[in-house]
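Okay, structure first, notes after.
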Amino acid sequence: MAFFQKLKRIFNLSVTDEKSWNPSLWNLRGSQSLSGENVTEETALTYSAVFNAVALYSGTISTLPLHLFKKNGKNKILADEMPLFWVLYLKANPYMTSLALRETMMAHVLLWGNAYAEIVKDSMGQIVELWPIAPNRVRPQMEDGKLSYKIKIDNKEIALPREKVLHIPGLGFDGLIGYSVVAMARKSLGLGMALETFGSLYFGNGTHPGAVVTHPGQLSAQAHDNLKKSLADTYGGLGKSHKLMLLEEGMKIEKTAIPPEDSQFLESRQFQIPEVARWFNLPPHKLKDLTKSSFNNIESEQISFVTDSVLPWLVRFEQNYNIQLLYTNQRKAENLYFKHNVEGLLRGNAESRGNFYKALFNVGAISINEIRSKEDMDPIEGGDEYFVPLNMVPLSKLDDYMALQEQKSTKSTEVKEDDENEKKPVQASGLLRIQDRK
């Protein structure tokens with residue numbers, strides 16, 4: 001309640017005042033852009049750069065393994081005995097896989113700024129199903145300090161309490177309702193879509209001929225049709241290109257090219273790809289724009305994609321799963337929490353995956369069988385042992401290690417001196433030496 005009181009002081013509004021929670025204050029309504037294009041969350045997907053950005057985020061995040069863990073002392077184990085584990089790991093509801101649910105919700109939060117899903121529980125209070133809800137049907141509403149969700153179904157509106165709705169908000173000014181990226185980027189997206197419309201009409205209507213034939217005289221309608229048909233039948237089409245053209249009666253032919261001022265729309269279209277990448281916080285090469293990419297920077301850009309683009313979304317989803325799908329006593333008493341396995345991003349890169357395993361194995365953090373398990377291989381005998389390099393020692397044992405080395409060095413010196421004394425010849429008398437010679 002302190003949160004709402006703080007908002008009340010900041011905005012000088014009562015939490016029960018309708019205007020304090022009016023969605024129109026943070027959702028930009030309307031769809032007409034200045035370019036004349038109708039830009040909505042649905043029509044924006046017809047723009048290739050937007051569709052690629054949404055598909056990239058949704059596909060990447062939904063394919064990462066998502067586990068429900070339980071801390072057991074210093075160890076963590078999978079809480080696979082809980083139905084909720086399987087809801088977000090394998091099967092969200094009888095008709096959707098977990099991947100499909102998470103992919104859909106990611107697309108919703110990217111386009112609308114919010115993702116919603118209805119929570120279904122069994123008689124024991126365990127979450128057994130999650131059903132996605134289209135954001136354009138949901139209207140959050142604050143009444144008497146309690147948040148509820150008005151959902152429009154078949155021209156009727158039903159209300160669901162906060163406990164029955166999983167709500168993942170994107171970036172927003174209040175932390176509860178996210179901005180619609182499409183609404184915020186309507187000018188930029190409208191320009192890109194207008195350029196595509198212009199290009200389609202430019203070439204589709206055939207208003208830019210490849211050549212112009214002029215006749216010095218006045219042609220009758222019949223003569224005009226005959227000449228047009230003759231030229232088209234003889235020289236029209238790719239299969240008849242580069243043939244010798246015979247012109248009569250002083251006719252002239254002039255080839256035309258795209259004027260520079262008209263060809264600049266191609267550059268404008270190219271510029272719109274980085275523009276969309278900025279709105280969705282993506283490296284341009286992830287939207288198939290390789291104009292600024294090279295073999296030297298593509299690897300660092302890929303790392304930037306994981307740390308700067310994907311990771312904030314993973315943390316956002318994990319924290320909302322934890323506070324909305326797990327009871328407070330579960331999180332504290334049973335130490336339950338959700339976590340994505342980012343190792344899944346290495347699945348398509350065998351070299352990086354091998355170096356990752358090698359680094360963990362060399363410090364004793366992982367065993368051979370654990371590596372084989374991650375690669376879906378059967379365990380081997382003796383593969384559960386952990387190995388560490390012999391030239392490394394814990395920092396806490398450094399003094400003991402140095403004392404042991406010094407002790408070994410002292411013993412080695414004493415043994416070496418004893419060996420030298422045994423090998424040293426005994427000083428004998430002159431007579432003995434003479435006798436030895438005989």
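List of remarks:
- Highest average first, the peptides 369-379, 131-141 ordered by how many other beta carbon atoms sit within 10 Å of their residues are 131-141, 369-379.
- Distance violations [Cα-Cα > 26 Å] among K76/K358; K91/K156; K150/K339; K74/K408; K71/K286: K91/K156; K150/K339; K74/K408; K71/K286
- Cross-link pairs K164/K332; K152/K187; K187/K288 - those with Cα-Cα distance over 25 Å: K152/K187
- Burial order of peptide ranges 323-332, 221-230 (average beta-carbon count within 10 Å, highest first): 323-332, 221-230
- Burial order of peptide ranges 356-362, 382-388 (average beta-carbon count within 10 Å, highest first): 356-362, 382-388
- Counting 0.36 nm for each residue step from T46 to R162 and taking away their Cα separation leaves a gain of 38.4 nm.
Values in this text are rule-based calculations from the coordinates and carry no lab data. Owing to the predicted nature of the structure, the values given are computational and were not obtained by experimental measurement. We place every Cβ from the backbone using ideal geometry, glycine too, and count neighbours over all the protein chains shown.
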